[in-house]
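Here's the structure we're looking at; comments come further down.
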Amino acid sequence: MKLNLKRPLAFFDLETTGTDIAKDRIVEIAIVKIMPDGQVTMMPAQRGREHRLLINPTIPIPIESSLVHGVYDADVANAPTFKELAPKLFKFIFDCDLGGFNSNRFDIPMLAEEFLRADIDFNVEGRNLVDVQVIFHLMEQRNLKAAYKFYCDKQLDDAHEALPDTLATVEVFEAMLDRYAHVELTDEQGQVYHPVQNDMEVIHKLSERKKKADFAGHIVFNEKDQPVFNFGKYKNMQVQEVLGKDLGYFSWMMNADFPLYTKKVLKEIRDTMR
(Lines give C-alpha, C1' and ligand atoms only; values in the text may rest on other atoms or scores of the structure.)
Protein backbone atom coordinates (compact mmCIF):
# COMPACT_ATOMS: atom_id res chain seq x y z
CA MET A 1 0.00 0.00 0.00
CA LYS A 2 1.29 3.46 -0.91
CA LEU A 3 1.45 5.56 2.22
CA ASN A 4 -0.86 8.57 2.32
CA LEU A 5 1.63 11.24 3.34
CA LYS A 6 1.22 14.99 3.54
CA ARG A 7 4.90 15.43 4.38
CA PRO A 8 7.96 13.16 4.63
CA LEU A 9 7.87 10.32 7.15
CA ALA A 10 11.23 9.30 8.64
CA PHE A 11 11.41 5.84 10.18
CA PHE A 12 14.47 5.35 12.36
CA ASP A 13 16.06 2.98 14.85
CA LEU A 14 18.76 3.47 17.47
CA GLU A 15 21.27 1.18 19.10
CA THR A 16 22.54 2.56 22.40
CA THR A 17 24.84 1.99 25.36
CA GLY A 18 21.77 1.21 27.49
CA THR A 19 18.19 2.17 28.20
CA ASP A 20 18.61 5.13 30.58
CA ILE A 21 17.57 8.12 28.48
CA ALA A 22 19.25 10.61 30.81
CA LYS A 23 22.62 8.83 30.97
CA ASP A 24 23.05 6.48 28.00
CA ARG A 25 24.15 7.42 24.49
CA ILE A 26 23.51 6.42 20.86
CA VAL A 27 26.07 4.15 19.17
CA GLU A 28 24.26 3.55 15.86
CA ILE A 29 21.38 5.10 13.94
CA ALA A 30 19.56 4.28 10.72
CA ILE A 31 16.99 6.55 9.10
CA VAL A 32 14.72 5.68 6.18
CA LYS A 33 12.87 8.73 4.85
CA ILE A 34 9.75 8.24 2.73
CA MET A 35 8.59 11.19 0.65
CA PRO A 36 4.91 11.90 -0.19
CA ASP A 37 5.60 10.80 -3.78
CA GLY A 38 6.90 7.42 -2.55
CA GLN A 39 10.60 8.15 -3.03
CA VAL A 40 12.76 6.52 -0.34
CA THR A 41 16.11 7.86 0.88
CA MET A 42 18.41 6.68 3.66
CA MET A 43 20.67 8.66 5.93
CA PRO A 44 24.14 8.18 4.40
CA ALA A 45 26.48 5.98 6.42
CA GLN A 46 30.23 6.22 6.83
CA ARG A 47 32.24 5.05 3.86
CA GLY A 48 32.88 1.31 3.99
CA ARG A 49 30.28 0.72 6.69
CA GLU A 50 27.56 -0.75 4.44
CA HIS A 51 24.87 1.71 5.53
CA ARG A 52 25.81 1.47 9.23
CA LEU A 53 25.99 4.97 10.68
CA LEU A 54 28.05 4.35 13.80
CA ILE A 55 28.46 7.00 16.50
CA ASN A 56 31.12 7.37 19.16
CA PRO A 57 29.12 7.66 22.40
CA THR A 58 32.12 9.12 24.27
CA ILE A 59 31.43 6.63 27.08
CA PRO A 60 32.23 2.89 27.25
CA ILE A 61 29.68 0.50 25.76
CA PRO A 62 28.74 -2.14 28.35
CA ILE A 63 29.45 -5.65 27.13
CA GLU A 64 25.83 -6.59 27.87
CA SER A 65 24.67 -4.01 25.32
CA SER A 66 27.31 -4.97 22.75
CA LEU A 67 26.17 -8.58 22.89
CA VAL A 68 22.66 -7.44 21.92
CA HIS A 69 23.40 -5.06 19.03
CA GLY A 70 26.93 -6.10 18.01
CA VAL A 71 28.53 -2.66 18.36
CA TYR A 72 31.71 -2.69 20.46
CA ASP A 73 34.03 0.07 21.67
CA ALA A 74 36.53 -0.75 18.92
CA ASP A 75 33.83 -0.29 16.25
CA VAL A 76 33.14 3.31 17.28
CA ALA A 77 36.62 4.40 18.32
CA ASN A 78 37.10 6.44 15.13
CA ALA A 79 33.43 7.22 14.50
CA PRO A 80 32.09 10.78 14.80
CA THR A 81 30.32 11.85 17.97
CA PHE A 82 26.60 12.66 17.94
CA LYS A 83 27.42 16.34 18.38
CA GLU A 84 29.51 16.24 15.21
CA LEU A 85 26.70 14.53 13.27
CA ALA A 86 23.82 16.46 14.85
CA PRO A 87 23.51 19.29 12.27
CA LYS A 88 23.37 16.80 9.38
CA LEU A 89 20.90 14.54 11.18
CA PHE A 90 18.69 17.46 12.18
CA LYS A 91 18.60 18.74 8.60
CA PHE A 92 17.72 15.28 7.24
CA ILE A 93 14.63 14.92 9.46
CA PHE A 94 13.78 18.62 9.81
CA ASP A 95 10.41 18.58 8.02
CA CYS A 96 9.52 14.95 8.79
CA ASP A 97 6.96 13.11 10.81
CA LEU A 98 8.76 10.41 12.80
CA GLY A 99 8.16 6.68 12.95
CA GLY A 100 9.71 3.59 14.47
CA PHE A 101 9.14 0.51 16.59
CA ASN A 102 8.69 1.48 20.26
CA SER A 103 9.87 4.91 19.13
CA ASN A 104 7.53 6.99 21.29
CA ARG A 105 8.79 5.36 24.48
CA PHE A 106 12.49 5.07 23.67
CA ASP A 107 13.96 6.14 20.32
CA ILE A 108 12.38 9.60 20.09
CA PRO A 109 13.13 10.52 23.74
CA MET A 110 16.72 9.29 23.33
CA LEU A 111 17.16 11.20 20.06
CA ALA A 112 15.72 14.37 21.60
CA GLU A 113 18.08 14.05 24.56
CA GLU A 114 21.11 13.72 22.27
CA PHE A 115 20.07 16.75 20.19
CA LEU A 116 19.68 18.84 23.35
CA ARG A 117 23.16 17.77 24.51
CA ALA A 118 24.41 18.99 21.12
CA ASP A 119 22.70 22.39 21.74
CA ILE A 120 20.05 21.78 19.06
CA ASP A 121 16.51 22.58 20.22
CA PHE A 122 14.82 19.45 18.89
CA ASN A 123 11.04 19.55 19.24
CA VAL A 124 8.28 17.14 18.23
CA GLU A 125 5.51 19.73 18.38
CA GLY A 126 3.61 19.70 15.09
CA ARG A 127 5.03 16.34 14.03
CA ASN A 128 3.00 13.16 13.73
CA LEU A 129 4.66 10.36 15.72
CA VAL A 130 4.00 6.90 14.31
CA ASP A 131 4.84 4.09 16.72
CA VAL A 132 4.36 0.81 14.85
CA GLN A 133 4.77 -1.19 18.06
CA VAL A 134 1.71 0.47 19.61
CA ILE A 135 -0.48 -0.61 16.68
CA PHE A 136 1.09 -4.05 16.68
CA HIS A 137 0.57 -4.60 20.41
CA LEU A 138 -2.95 -3.26 20.19
CA MET A 139 -3.91 -5.59 17.35
CA GLU A 140 -1.61 -8.62 17.85
CA GLN A 141 0.61 -8.07 20.93
CA ARG A 142 3.99 -9.46 19.79
CA ASN A 143 7.53 -8.21 19.02
CA LEU A 144 9.24 -6.99 15.80
CA LYS A 145 10.59 -10.40 14.74
CA ALA A 146 7.16 -11.97 15.20
CA ALA A 147 5.52 -8.99 13.49
CA TYR A 148 7.77 -9.39 10.44
CA LYS A 149 6.91 -13.09 10.21
CA PHE A 150 3.20 -12.51 10.87
CA TYR A 151 2.62 -9.57 8.51
CA CYS A 152 5.28 -10.10 5.85
CA ASP A 153 5.85 -13.89 6.12
CA LYS A 154 9.61 -13.30 6.31
CA GLN A 155 12.33 -14.11 8.80
CA LEU A 156 14.19 -11.19 10.39
CA ASP A 157 17.67 -12.68 10.49
CA ASP A 158 19.57 -9.49 11.38
CA ALA A 159 17.48 -8.34 14.35
CA HIS A 160 19.13 -5.72 16.57
CA GLU A 161 21.03 -4.14 13.70
CA ALA A 162 19.65 -0.69 13.07
CA LEU A 163 19.09 -0.79 9.30
CA PRO A 164 17.48 -4.27 9.05
CA ASP A 165 15.22 -3.38 12.00
CA THR A 166 14.24 -0.09 10.37
CA LEU A 167 13.51 -1.61 6.96
CA ALA A 168 11.50 -4.40 8.60
CA THR A 169 9.51 -1.80 10.53
CA VAL A 170 8.60 -0.01 7.28
CA GLU A 171 7.39 -3.28 5.72
CA VAL A 172 5.39 -4.20 8.83
CA PHE A 173 3.74 -0.76 8.94
CA GLU A 174 2.66 -0.94 5.30
CA ALA A 175 1.34 -4.48 5.80
CA MET A 176 -0.57 -3.34 8.90
CA LEU A 177 -2.35 -0.63 6.94
CA ASP A 178 -3.45 -3.22 4.38
CA ARG A 179 -4.53 -5.78 6.96
CA TYR A 180 -6.46 -3.44 9.27
CA ALA A 181 -7.88 -0.95 6.75
CA HIS A 182 -11.45 -2.16 7.36
CA VAL A 183 -11.08 -3.90 10.74
CA GLU A 184 -13.33 -2.62 13.49
CA LEU A 185 -12.25 -2.46 17.12
CA THR A 186 -14.52 -2.23 20.15
CA ASP A 187 -13.02 -0.34 23.09
CA GLU A 188 -13.71 -0.80 26.80
CA GLN A 189 -16.68 1.58 26.60
CA GLY A 190 -18.27 -0.42 23.80
CA GLN A 191 -17.50 2.17 21.13
CA VAL A 192 -16.79 0.68 17.70
CA TYR A 193 -14.23 2.43 15.52
CA HIS A 194 -11.56 1.90 12.85
CA PRO A 195 -8.28 2.75 14.62
CA VAL A 196 -5.85 1.92 11.80
CA GLN A 197 -6.14 4.20 8.77
CA ASN A 198 -3.74 5.33 6.04
CA ASP A 199 -3.57 8.78 7.59
CA MET A 200 -0.53 9.82 9.64
CA GLU A 201 -2.55 12.13 11.90
CA VAL A 202 -4.86 9.24 12.84
CA ILE A 203 -1.85 6.96 13.40
CA HIS A 204 -0.18 9.68 15.49
CA LYS A 205 -3.19 9.80 17.82
CA LEU A 206 -3.27 6.01 18.00
CA SER A 207 0.47 5.81 18.75
CA GLU A 208 0.12 8.43 21.48
CA ARG A 209 -2.12 6.35 23.74
CA LYS A 210 -1.34 8.47 26.80
CA LYS A 211 -0.75 12.17 26.40
CA LYS A 212 2.50 13.23 28.03
CA ALA A 213 4.08 16.66 28.17
CA ASP A 214 7.58 15.18 28.31
CA PHE A 215 8.83 11.90 26.90
CA ALA A 216 9.70 10.38 30.27
CA GLY A 217 6.16 10.87 31.59
CA HIS A 218 7.20 12.99 34.58
CA ILE A 219 4.74 15.66 33.40
CA VAL A 220 1.43 14.58 31.86
CA PHE A 221 -1.83 16.24 30.90
CA ASN A 222 -4.95 15.83 33.01
CA GLU A 223 -8.52 15.58 31.72
CA LYS A 224 -8.61 19.38 31.35
CA ASP A 225 -5.44 19.29 29.20
CA GLN A 226 -3.43 20.94 31.98
CA PRO A 227 0.16 19.82 32.71
CA VAL A 228 0.44 18.02 36.06
CA PHE A 229 3.29 16.26 37.82
CA ASN A 230 3.18 12.47 37.52
CA PHE A 231 5.55 11.61 40.39
CA GLY A 232 6.59 12.53 43.90
CA LYS A 233 4.92 14.61 46.57
CA TYR A 234 3.14 16.81 44.00
CA LYS A 235 1.76 13.99 41.89
CA ASN A 236 -1.46 14.95 40.04
CA MET A 237 -1.02 18.61 40.98
CA GLN A 238 -0.85 21.30 38.28
CA VAL A 239 2.73 22.25 37.44
CA GLN A 240 1.98 25.98 37.43
CA GLU A 241 0.31 25.75 40.84
CA VAL A 242 3.29 23.91 42.33
CA LEU A 243 5.85 26.30 40.85
CA GLY A 244 3.81 29.23 42.12
CA LYS A 245 3.86 28.08 45.74
CA ASP A 246 7.14 26.13 45.98
CA LEU A 247 9.83 28.29 44.39
CA GLY A 248 12.57 25.80 45.16
CA TYR A 249 10.95 22.89 43.34
CA PHE A 250 11.87 24.27 39.92
CA SER A 251 15.52 24.68 40.94
CA TRP A 252 15.59 21.20 42.44
CA MET A 253 14.29 19.60 39.24
CA MET A 254 16.61 21.61 37.00
CA ASN A 255 19.65 20.50 39.03
CA ALA A 256 18.51 16.92 39.63
CA ASP A 257 19.09 13.93 37.34
CA PHE A 258 16.03 14.42 35.13
CA PRO A 259 16.20 14.11 31.30
CA LEU A 260 17.02 17.35 29.49
CA TYR A 261 13.71 17.22 27.63
CA THR A 262 11.81 17.12 30.94
CA LYS A 263 13.75 20.19 32.07
CA LYS A 264 13.05 21.91 28.75
CA VAL A 265 9.28 21.33 29.16
CA LEU A 266 9.37 22.47 32.80
CA LYS A 267 11.18 25.68 31.82
CA GLU A 268 8.69 26.37 29.03
CA ILE A 269 5.79 25.98 31.49
CA ARG A 270 7.48 28.30 34.00
CA ASP A 271 8.14 30.88 31.28
CA THR A 272 4.40 31.06 30.54
CA MET A 273 3.84 32.20 34.12
CA ARG A 274 5.90 35.35 33.71
>> Filter the stretch 119-141 down to the residues that are of a type in the set (Asp, Glu) and either part of a loop (DSSP other than H, G, I, E, B) or not assigned by TED's automatic domain parsing to the domain that holds Met35 (or both) and list them by number.
In response: Asp119, Asp121, Glu125, Glu140
> Can you find even one residue in the stretch 197-208 that is in contact (Cβ under 8 Å) with a residue 24 or more places away in the chain, touching a helix residue (DSSP H, G or I) at 6+ places or on another chain (Cβ under 6 Å) and of a type in the set (D, E, K, R)?
Replying inline: no
> Quick one: how many residues across the stretch 142-167 are surrounded by 18 or more Cβ atoms within 10 Å (Cβ to Cβ), in contact with a helix residue (DSSP H, G or I) (Cβ under 6 Å, 6 or more places away or on another chain) and either modelled with pLDDT of 95 or more or not in a helix (DSSP H, G or I) (or both)?
Replying inline: 1
>> On the basis of being among the aromatic types (Phe, Trp, Tyr) and closer than 21 Å to Leu163 by Cβ, does Phe122 make the cut?
In response: no
>> Within the stretch 71-112, take every residue that is of a type in the set (S, T, N, Q) and more than 17 Å from Arg127 (Cα to Cα) and give me the one that is nearest to the chain's Cα centre (by Cα).
In response: Thr81
> Is it the case that Val242 is modelled with pLDDT of 95 or more, farther than 17 Å from Ile108 by Cβ and more than 26 Å from the chain's Cα centre (by Cα)?
Replying inline: yes
> Could we say that Arg117 is modelled with pLDDT under 95 and of a type outside the set (Gly, Ala, Ser) here?
Replying inline: no
>> Name the single residue that is nearest to Tyr180 (Cα to Cα) among those in the stretch 133-145 being out of contact with any Phe, Trp or Tyr (no Cβ under 9 Å at 6 or more places or on another chain) and of a type in the set (A, V, I, L, M, F, W, C).
In response: Leu138
> Looking only at the stretch 152-179, which residues are over 20 Å from the mean Cα position of the chain (by Cα) and farther than 15 Å from Val134 by Cα?
Replying inline: Cys152, Asp153, Lys154, Gln155, Leu156, Asp157, Asp158, Asp178, Arg179
> List the pairs whose first member sits in the stretch 129-158 and is over 22 Å from His194 (Cα atoms), whose second member is aromatic (Phe, Trp, Tyr) and in a helix (DSSP H, G or I), and whose Cβ atoms are under 7 Å apart, counting only residues at least 6 apart or on separate chains?
Replying inline: Lys154/Tyr148; Leu156/Tyr148
> Do you know which residues across the stretch 88-106 are buried (at least 22 other Cβ atoms within 10 Å of the Cβ) and not polar (S, T, N, Q)?
Replying inline: Leu89, Asp97, Leu98, Gly99, Gly100, Phe101
> Quick one: which of Glu241, Glu201 is part of a helix (DSSP H, G or I) and under 29 Å from Phe11 (Cβ atoms)?
Replying inline: Glu201
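The values are calculated or read from the model by the stated rules, or taken from the named source; none is laboratory data. Computed from a prediction, not measured in an experiment: that's the story for all the values here. Note: ideal-geometry Cβ built from the backbone for every residue, glycine included; neighbour counts use all protein chains shown.
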